[in-house]
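Below is one structure, written out as structure tokens; comments come after it.
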Amino acid sequence: MAQRNETTVEEFVLLAFVDLHQIQILIFPFFLLTYITCIMGNLAIIIVVKLEHSLHKPMYFFIAVFSILEIVFVSVTVPKLLAILLAHKNTISFIGCFTQMFVFGSLGVTECYLLMVMVFDRYLAIKNPLHYPTIMTYTVCVELAIFPWIFGFTSVLVQVIIMAQMEFCGPNIIDHFFCDFAPIQSLACSDPFISIMSTNLAAIVDIILPFLVIIGFYVYIIMTVSKIKSKDGKQKAFSTCTSHLIVASLFYGTAMIVYAKPKANHYDKYLTFMYTAFTPTINPFIYTFRNRDVKEVFWKSVKRALRPAVL
């Protein structure tokens, strides 16, 4: 607390995409459309899974939870970015900055482990198809869905507490569109070594570890499916995994480039936008158009909703 009292910085300035100069106002509609599409797309997935009884299965339960996470995740950063682009409101208070960093980081870790839980569900379904319904009960699904949230918020809380003990006595300009760990650490007047080591360790535990676990599960899934003699059986088994594999590859690919490398750079904010806003926007379309069950139910629901208007 004594160190916190020495802090002179009361707010930070987010540069966002100032290097794009006059183009900023032109890209505002793109970011706004991306945000609206993300919210509407993921909300549609949640509603369809909730209302359609045929989708009341563990796989779709986790997809709905994932969609809820995506809505919250994108809402932590993009609204502030829109305010910066449109109204040039690029300042954020010290407490607001650390709160945004905590929530964003927690949701990011939650997504890493929720993706791991989702592939674990597919692993069980393919490994023990006969016992799968009795293993993956509703209670088990809820417990598995809650675990990533608890772990994510607990893990990041430790990192934020360590960062809050550092002194910020002068520079307050952040070359990013939100408060992220590396840009904040670079502004500290005190030695950030412990904070940097804690975030690097967290990157291994929170990003690389679940990624390796996912790869391990997919290796086993591929080996199991390859033993199926029926061509239709193989295609059906793989079809339940392809959407998740695409989503996980997009998320982990950009996240590891940003956080699992030794030093941050100026272009990280562009890559960060990929997995903080763009990927959550296209995820509903991946799950909808690559999943036959979801696609059929979705269009059936659309036709049912439009029927009264036509009549």
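Only the coordinates and a few stated rules stand behind these numbers; no lab work does. The structure displayed is predicted, hence computed values, not measured ones. Counting neighbours? That spans all protein chains shown, and the Cβs are built from the backbone with ideal geometry, glycine included.
Assorted remarks:
- Summed residue charge, Cβ within 15 Å of V119's Cβ, Lys/Arg positive, Asp/Glu negative: 0
- With at most 13 other Cβ atoms within 10 Å, longest stretch of the chain clear of loop trypsin sites (Lys or Arg not before Pro) (DSSP): 90-226
- Selection from F289, I215, G170 lying farthest towards where the dipole of region 167-302 points positive, charges on Cβ: F289
- A full extension of the chain between D19 and R304 corresponds to an added length of 97.8 nm, given 0.36 nm per residue minus the alpha carbon distance.
- Positive end of the dipole of the chain (Cβ unit charges, origin at the Cα centre): among T224, C112, I39, the Cα lying farthest that way belongs to T224.
- Between L43 and Y132, the modelled labels are 3.2 nm apart [label points 7 Å from Cα along Cα→Cβ].
- Rel. contact order, % - alpha carbon contacts under 8 angstrom, at least six apart, the chain: 27
- Principal-axis tilt of helix 279-289 within the chain, Cα atoms, nearest 10 degrees: 10
- Folded to 0 to 90 degrees: helix 209-226 orientation relative to the chain principal axis, Cα: 20
- Residue-averaged 222 nm ellipticity for the chain, from DSSP H runs of 4+ at -39500 (n - 2.57), nearest 500: -24500 deg cm²/dmol
- Rounded to the nearest 10 degrees, the angle from helix 23-51 to the longest Cα principal axis of the chain is 40 degrees.
- Electrostatic dipole magnitude of the chain [Cβ: Lys, Arg +1; Asp, Glu -1; Cα centre; debye, to 20]: 1780
- Dipole magnitude of region 1-132, debye to nearest 20 (Cβ charges: Lys/Arg +1, Asp/Glu -1, about Cα centre): 380
- Residue (of F28, V205, I71) at the positive-pole extreme of the chain, dipole from beta-carbon charges: I71
- Centre-to-centre, using Cα atoms only, region 29-82 and region 89-139 are separated by 14 Å.
- The mean sequence distance of close C-alpha pairs (under 8 Å, at least 6 residues apart), as a share of the length of region 135-259, puts its relative contact order at 19 percent.
- Relative contact order [Cα under 8 Å, 6+ residues apart], region 29-124, whole percent: 31
- Distant-in-sequence amide H partners of I173 (H built 1.01 Å from N, under 5 Å): V13
- Here the gap between L209 and L271, fully extended at 0.36 nm per residue and compared with their Cα-Cα distance, gives a gain of 20.2 nm.
- Vicinal HN-Hα couplings computed from phi for region 178-183 (Karplus, 6.51 cos²θ - 1.76 cosθ + 1.60; Hz; Gly/Pro x): 7, 7, 10, 4, 4, x
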